[in-house]
Structures are given as C-alpha cells and as structure tokens.
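See structure below.
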Amino acid sequence: MQIVEIDGFNARCASKGVTREVSLFLMQGETIAIGDFVMVHVGYAIQIMSEQEARSAWELHDEMLASEASGA
C-alpha cells in the first residue's frame, strides 16, 4: 500500500481504491515518508517496498485470485 498521510505511528495507506489505517509501530527504525510503499500484514506496515515491488506483488495476488476463481 502507498502511504498518503502520517500521524505519529499511524498512517493512512491506499491501494486499488481502498484506504486503511495502518500502524507504523513495527517500522520505528525506518525513515518513512508520504508516498512510500509498504507491505501491510494484519494492520501493521512490516516492510518498505519500491513501487515496482508493490506492483509485482499486486499482479501476483491478482493472478492467484483469478486462478482460484476459475478453479484451476
């Protein structure tokens, strides 16, 4: 997800038209800025990603969902 707003240890993140409140608590040792991409797991940012890494992850996720929907 891409960070669109930061407030202390909380951030509003967006991806594919969905926004979520995400905790930055686990990323205290990192320098995080608006516009950065982060991997989010159960409401926590756990890793900074490049834009390309984020796009590749979404493409893989979309492929898995399409495969599941087709029963393949």
Go through (1) touching a strand residue (DSSP E or B) at 6+ places or on another chain (Cβ under 8 Å); (2) modelled with pLDDT of 95 or more; (3) not polar (S, T, N, Q) one by one and return the number of the condition ASP7 breaks.
-> (1)
Only residues that are part of a loop (DSSP other than H, G, I, E, B) and exposed (fewer than 13 other Cβ atoms within 10 Å of the Cβ): list them for the range 31-72, please.
-> THR31, ALA33, ILE34, GLY35, VAL42, GLY43, SER50, GLY71, ALA72
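Restricting the range 1-22 to residues that are in a strand (DSSP E or B) and touching a helix residue (DSSP H, G or I) at 6+ places or on another chain (Cβ under 8 Å), which is nearest to HIS61 (Cα to Cα)?
Of all residues in the range 1-22, those in a strand (DSSP E or B) come to 2-7, 10-15, 18-22.
Still in the list and also touching a helix residue (DSSP H, G or I) at 6+ places or on another chain (Cβ under 8 Å): 2, 15.
Values: GLN2: 16, SER15: 13 Å.
Result: SER15.
So that you can scan it fast, the table gives a plain yes or no per residue for (1) touching a residue at least 40 places away in the same chain (Cβ under 8 Å); (2) out of contact with any helix residue (DSSP H, G or I) (no Cβ under 8 Å at 6 or more places or on another chain); (3) not hydrophobic (A, V, I, L, M, F, W, C):
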residue: LEU24; (1), (2), (3): no, yes, no
residue: ASP36; (1), (2), (3): no, yes, yes
residue: TYR44; (1), (2), (3): no, no, yes
residue: GLN52; (1), (2), (3): no, yes, yes
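The values are calculated or read from the model by the stated rules, or taken from the named source; none is laboratory data. Small disclaimer: the values here were computed from a predicted structure and weren't measured. A quick note on method: Cβ atoms are made from the backbone with ideal geometry, for glycine too, and the neighbour counts reach across all protein chains shown.
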